[in-house]
Amino acid sequence: MRTFSPSETAVKQMVEMYELGQSLATIGKRYSISPTTVSLHLRKQGVKIRTR
């Protein structure tokens, strides 16, 4: 299994994208990672994940 360790810049971009309304799936596609992995990185930054 491949581990993705995004740069600080990438994580900031993920947070910005999510706060602008992008979905976890859309962000994951941009970084070639799963929505679950995106969620993990966002939560580490204190971002509250939206419910469906």
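The values are calculated or read from the model by the stated rules, or taken from the named source; none is laboratory data. Predicted model, so just to flag it, every value in this text is computed and none were measured. Counting neighbours? That spans all protein chains shown, and the Cβs are built from the backbone with ideal geometry, glycine included.
Filtering region 36-49 to residues that are more than 13 Å from Ala25 (Cα to Cα) and in a loop (DSSP other than H, G, I, E, B) leaves Gln45, Gly46, Val47, Lys48. If only residues of region 1-23 that are in a loop (DSSP other than H, G, I, E, B) and surrounded by 13 or more Cβ atoms within 10 Å (Cβ to Cβ) are counted, the one that is farthest from the chain's Cα centre (by Cα) is Phe4. If you scan region 24-33, which residues turn out to be farther than 11 Å from Ala10 by Cβ and either part of a helix (DSSP H, G or I) or at pLDDT 95 or above (or both)? Scanning region 24-33 gives Leu24, Ala25, Thr26, Gly28, Lys29.
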